[in-house]
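Each remark here refers to the structure printed beneath this line.
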Amino acid sequence: MQQPIVTHFFDEATNTFSYVVKDPGSDACAIIDSVLDFDYAAGRTDVRSADEIVRYVQDNGLVVEWILETHVHADHLSAAPYLQERLGGKTGIGARIIEVQEIFGKAFNAGTEFAQDGSQFGQLFEEGDRFRIGALEGYVLHTPGHTPACLTYVIGDAAFVGDTLFAPDSGTARCDFPGGDAKVLYQSVQKVLALPVETRIFLCHDYKAPGRDEYQHQTTVAEQRARNIHVREGMAEEEFVRLRTERDATLDMPRLILPSVQVNMRAGEMPEADQNGQVYLKVPVNRF
């Protein structure tokens with residue numbers, strides 16, 4: 001089985017891991033789940049995190065073929081447009097982004113200028129679709145439940161699961177956002193756990209479960225099957241749905257969900273400027 005070279009980048013402000021995935025036989029690479037820094041109180045963006053990736057790619061003479069999103073993130077803004085401008089590459093996300101755009105386009109009253117057809121992205125992936133990074137072959141698992149458009153990218157012996165799975169001591173993603181479904185997430189996780197046991201799983205987030213001092217970005221299918229507190233072997237769907245639903249009822253909304261969704265449903269672009277030339281992000285009152 002092919003073994004991509006995976007380098008991780010961590011944004012502690014949003015507990016997000018981004019990845020550069022390199023073909024070991026060439027300079028081709030992909031970037032997965034990038035972060036645009038955002039100071040919510042000041043309404044100001046920054047590219048410090050993205051520039052770490054830019055420097056790594058340039059210092060190592062890499063060629064970016066893909067800039068991929070596992071889903072429309074609710075906890076950080078994507079830096080995809082900035083990275084594409086600096087490094088090239090084709091953007092990609094799950095084809096059911098259209099459903100997410102419809103849900104949140106209405107929630108934010110985005111207007112007719114906001115196309116709800118996924119056209120902001122270069123590639124809309126369906127279950128089983130294949131793509132290449134140099135000589136590396138990857139394929140797509142549609143793994144909804146956290147959001148309708150969530151994907152897992154399987155590239156050689158590596159799987160990039162987005163928010164579908166967390167570290168084994170942390171379990172799984174929440175399912176209480178619009179379009180989420182705990183039963184669907186359980187079924188999606190089974191697809192990931194059916195991969196070969198030695199498959200490396202790369203996580204999008206880690207919040208350090210109680211008793212653990214180090215952040216964890218990587219695990220394996222074998223470890224998840226044996227130890228995941230929500231979906232280890234022997235955990236029935238009904239029990240998972242009960243645990244997930246009870247847990248979700250205790251969670252606050254992510255700090256950056258309102259700006260993140262507005263930007264990420266547009267492939268990382270800001271909304272169009274108002275008549276005065278200023279870009280604004282909306283805060284729907286009593287909507288979520």
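Any chance segment 144-158 includes a residue that's among the hydroxyl-bearing types (Ser, Thr, Tyr), in contact (Cβ under 8 Å) with a residue 24 or more places away in the chain and part of a strand (DSSP E or B)?
Scanning segment 144-158 turns up at least one residue that is among the hydroxyl-bearing types (Ser, Thr, Tyr), in contact (Cβ under 8 Å) with a residue 24 or more places away in the chain and part of a strand (DSSP E or B).
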| task | Could you grab me the full set of residues in segment 1-44 that are among the hydroxyl-bearing types (Ser, Thr, Tyr) and over 18 Å from PRO254 (Cα atoms)? | result | THR7, SER18, TYR19, SER26
| Would you pick out the residues in segment 216-244 that are outside any helix (DSSP H, G or I) and hydrophobic (A, V, I, L, M, F, W, C)? | ILE229, VAL231, MET235, ALA236
| task | For ASP33, indicate whether it is of a type outside the set (Ser, Thr, Tyr) and over 15 Å from the mean Cα position of the chain (by Cα). | result | no
| query | Any residue in segment 273-280 that is within 29 Å of PHE10 (Cα to Cα) and surrounded by fewer than 14 Cβ atoms within 10 Å (Cβ to Cβ)? | reply | yes
| said: If I ask for residues that are more than 15 Å from the chain's Cα centre (by Cα) and either at pLDDT below 95 or of a type in the set (S, T, N, Q) (or both), which ones from segment 137-175 would you list? | reply: SER170
| Residues that are over 20 Å from the mean Cα position of the chain (by Cα) and not in a loop (DSSP other than H, G, I, E, B), drawn from segment 18-28 | ALA28
| Any hit, segment 185-196, residues being more than 23 Å from HIS76 (Cβ to Cβ), in contact with a helix residue (DSSP H, G or I) (Cβ under 7 Å, 6 or more places away or on another chain) and charged (D, E, K, R) | no
| Does ASP33 satisfy the criteria of being touching a strand residue (DSSP E or B) at 6+ places or on another chain (Cβ under 9 Å), free of Cβ contacts under 8 Å to residues at least 12 places away in the same chain and either over 24 Å from CYS175 (Cβ atoms) or not hydroxyl-bearing (Ser, Thr, Tyr) (or both)? | no
| remark: Residues of segment 178-215 being of a type in the set (A, V, I, L, M), closer than 26 Å to ILE31 by Cα and either assigned to a helix (DSSP H, G or I) or open to solvent by 10 Å² or more (accessible area, probe 1.4 Å) (or both), in sequence order, are LEU185, VAL189, VAL192, LEU193, ALA194, LEU195, VAL197
| Hits in segment 157-176 - residues which are open to solvent by less than 20 Å² (accessible area, probe 1.4 Å) and not β-branched (Val, Ile, Thr) | ASP157, ALA158, ALA159, PHE160, GLY162, ASP163, LEU165, ALA167, PRO168, GLY171, ALA173, CYS175
| message | Please go through segment 19-38 and give me each residue that is out of contact with any His (no Cβ under 8 Å at 6 or more places or on another chain), closer than 19 Å to HIS205 by Cα and open to solvent by 10 Å² or more (accessible area, probe 1.4 Å), ordered by number. | response | ASP37
| request: Scan segment 128-136 and give yes if some residue there is within 16 Å of the chain's Cα centre (by Cα) and of a type in the set (Lys, Arg), otherwise no. | output: no
| said: For the condition of a type in the set (Val, Ile, Thr), open to solvent by less than 20 Å² (accessible area, probe 1.4 Å) and touching a residue at least 12 places away in the same chain (Cβ under 8 Å), what is the one hit in ILE103, ILE93? | reply: ILE93
| field | Among residues of segment 64-90, those that are open to solvent by 40 Å² or more (accessible area, probe 1.4 Å) and either on the phi > 0 side of the Ramachandran plot or in contact (Cβ under 8 Å) with a residue 60 or more places away in the chain (or both), counted | value | 2
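The values are calculated or read from the model by the stated rules, or taken from the named source; none is laboratory data. Keep in mind that this is a model prediction, so the values were computed, not measured. Counting neighbours? That spans all protein chains shown, and the Cβs are built from the backbone with ideal geometry, glycine included. With ligands, DNA and RNA removed, areas are computed over all heavy atoms of the protein, side chains included. Shrake-Rupley method; radii C 1.70, N 1.55, O 1.52, S 1.80 Å.
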